[in-house]
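The values are calculated or read from the model by the stated rules, or taken from the named source; none is laboratory data. Values in this document were obtained by computation on a predicted structure and should not be read as measured data. Backbone-built Cβ (ideal geometry, glycine too); neighbour counts: all protein chains shown.
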């Protein structure tokens, strides 16, 4: 059997850090060696030709250490060329078939500049949001229009009042799609117009982000309608559409709108510390590489299961400098309340989008006043 | 706040069976009630208007039972209209945000004919494969060309010999994409030609399924090239591309090729019995609804973690009659060997595709003979 020409071998590799749960060192070593094969050539060892497959294409264990009882860490490298400059194939190498093995978790991913340069990443990033919103150095304030089942008129009214109240970002609830009783085109056209009107009243820059998540044949149509009607960005669920679809939306120069990633349907990756992908990598680095300008995740202490350490790791992965890849804003959400703002400010600092939905509406019957209260509360924290 | 007009309420609902892990009945009940809200309106209970949102749109607990210590089962129904006839939104309702809660697992999904009718489902299904392959009632035999790093010439030769040997289906390894050292167009064009040549020699009908999984902008281009060059089907990874993208490929009348779904990157959903989605629903019903004609999963007793019960539940979900949705073929794979065929025949019977990769090449230096041996082995089982 002929292998590929060795002229293709350049030697640059990217590293994936795996957490391996195993009863002893020998078993963990064996799992690490299996990952090297499973994520690349996927044939029995006896069938792997020596070079360049056996010494370049297959994964290489760069470091192997015991971390705790039953927990080991293997840093495995892969050649940059194997990813073919394609996000699906990069994800395939990082976790792919090993996602089917409950004792393997991706704890970290380190990409060399050559690989990062193959992806455009976020179009706007932290600086882009700040420019659009004329908000130099403060937390941004976001909320959502919901629940599904309200008339479009009511959703429009909510968006109008939220804009008057000075919210930076208003997103659709991710359950609003194109239901027969609430058609996408009708909702988005009317909400865009209302937000525009209210922005003119206030002189503000509120951005409305419709949820474009829908059938792939209609996705670009929905995004284009949003663009045409003056939407300020797009809400996209990579768990439902695939990370690469979000990447393509971000890369599309005819859209050129900031993207907020929604975490629906990706939770299984982070639900168990012994498998899947770490919170920071999934909601931080991978969302960033896939073009998200902001990434929603479920905040600690709310109605979900993330710990404060999980949340900080996400914020860190969003904001860590990486050459060629813009930093993005973490968006803690999910049962957030006003009382928690001081604590959250300690945790997240200035580079964050606070997403408060239900509590903003529940606070008092005057939604405009509630929004202003939210804004002042955050300003007080910043001023302290 | 106005809600939608009650004229939209038709009353048909679909059921999702959740497995809830909780310390006691009261906590489990609370989790079930939270699912009803989380998967639909996602606002605090105080903000849910009575009708039609509070009595129709939000999830309804149809049945709640304790299954074992710490394990409860809630069957929750949702209105068909909430899914908007869209696969991403249907998945969003079924698991969506609840994927972020480690104690919730989707054990079953029951869809009424009205909802099923909104999806075309598999174009070929079991009967379609059998017609294409002129194989009325026997297990089908599949293998893969690999490893990545072989020259295209070598991959072509493998495919040629596998066709001579009488394999029904030859797929690309899912790690073969469009690497600079093995371009998609070059590989697919040459392999298609070789398989065609060998089919003419043997009078057989071997189908070659290239792996089209790649960047979304190039996906249809790759699929069309495959079609044009005479490929017999497409290998698609819904975990990397999204289930809806696979659905769109299946629905495309200009392609009209059978689709084999690959399980890479979806393993996190099934890795833990207390969260995610059950094996049968993920690899069976959802793959089927998303247009797969065959669904690869990792077989019991191989190098992966699925139990025989998991595998049987997948086969059952593939083959269970559902009005308006063709049955599809389960494809056990992952470290399969010849010795296991008698046992596998007991488990899977006639409606199955056996996918044997490495072991087929390893068996002896004569690949054509190995394929014939594989075929005879299966025929012996069927004849018994």
Inset, instruction - Give me a count of the residues in region B:321-345 that are in a loop (DSSP other than H, G, I, E, B), in contact (Cβ under 8 Å) with a residue 12 or more places away in the chain and farther than 23 Å from residue B:370 by Cα. - result: 5
Legend entry - Selected residue [in contact with a helix residue (DSSP H, G or I) (Cβ under 9 Å, 6 or more places away or on another chain), surrounded by 21 or more Cβ atoms within 10 Å (Cβ to Cβ) and either touching a residue at least 24 places away in the same chain (Cβ under 8 Å) or assigned by TED's automatic domain parsing to the domain that holds residue B:32 (or both)] from B:152, B:145: B:145
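What residue, of B:32, B:28, B:23, is part of a loop (DSSP other than H, G, I, E, B), out of contact with any helix residue (DSSP H, G or I) (no Cβ under 6 Å at 6 or more places or on another chain) and more than 12 Å from every other protein chain (Cβ to nearest Cβ)?
B:23
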Inset, instruction - Check off (1) crowded, with 17+ Cβ neighbours inside 10 Å; (2) modelled with pLDDT of 95 or more; (3) closer than 21 Å to residue B:115 by Cα; (4) touching a strand residue (DSSP E or B) at 6+ places or on another chain (Cβ under 6 Å) for residue B:62 and give me the number that stays unchecked. - result: (1)
Inset, instruction - Could you tell me whether any residue of region B:201-209 is within 23 Å of the chain's Cα centre (by Cα) and under 24 Å from residue A:245 (Cβ atoms)? - result: yes
Legend entry - Sole exception among (1) away from every other protein chain (no Cβ under 14 Å); (2) crowded, with 17+ Cβ neighbours inside 10 Å; (3) farther than 14 Å from residue A:159 by Cα for residue A:224, by number: (2)
Legend entry - Residue count, region A:80-89 (criterion: touching a residue at least 40 places away in the same chain (Cβ under 8 Å) and more than 8 Å from chain B (Cβ to nearest Cβ)): 2
Legend entry - In region A:161-181, the residues that are within 21 Å of residue B:44 (Cβ to Cβ), touching a strand residue (DSSP E or B) at 6+ places or on another chain (Cβ under 8 Å) and surrounded by fewer than 24 Cβ atoms within 10 Å (Cβ to Cβ): A:173
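Please specify each residue of region B:146-190 satisfying the condition of being in a helix (DSSP H, G or I), at the interface with chain A (Cβ under 7 Å from one of its Cβ atoms) and more than 24 Å from residue B:364 (Cβ to Cβ).
If the condition is that a residue be in a helix (DSSP H, G or I), at the interface with chain A (Cβ under 7 Å from one of its Cβ atoms) and more than 24 Å from residue B:364 (Cβ to Cβ), then no residue fits.
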Inset, instruction - Please go through region A:89-137 and pick out each residue that is farther than 30 Å from residue B:272 by Cβ and buried (at least 24 other Cβ atoms within 10 Å of the Cβ). - result: A:122, A:129
Legend entry - Looking only at region B:268-285, and only at residues there that are part of a helix (DSSP H, G or I) and facing another protein chain (nearest Cβ under 8 Å), the one that is surrounded by the most Cβ atoms within 10 Å (Cβ to Cβ): B:269
Inset, instruction - Could you identify the single residue in A:102, A:122 that is in contact with a strand residue (DSSP E or B) (Cβ under 9 Å, 6 or more places away or on another chain) and more than 9 Å from every other protein chain (Cβ to nearest Cβ)? - result: A:122
Inset, instruction - Would you please name the residue that is nearest to the other protein chains (Cβ to nearest Cβ), looking only at residues in region B:49-58 that are crowded, with 18+ Cβ neighbours inside 10 Å and in contact with a helix residue (DSSP H, G or I) (Cβ under 8 Å, 6 or more places away or on another chain)? - result: B:57
Legend entry - Residue that is in a loop (DSSP other than H, G, I, E, B), in the same structural domain as residue A:320 (by TED's automatic domain parsing) and buried (at least 24 other Cβ atoms within 10 Å of the Cβ), where the choices are A:254, A:245, A:213: A:213
Legend entry - Filter result for residue B:216 (within 11 Å of chain A (Cβ to nearest Cβ) and either farther than 30 Å from residue B:95 by Cβ or in contact (Cβ under 8 Å) with a residue 12 or more places away in the chain (or both)): yes
Legend entry - Single unsatisfied condition, residue A:165 versus (1) under 17 Å from residue A:294 (Cβ atoms); (2) touching a helix residue (DSSP H, G or I) at 6+ places or on another chain (Cβ under 9 Å): (1)
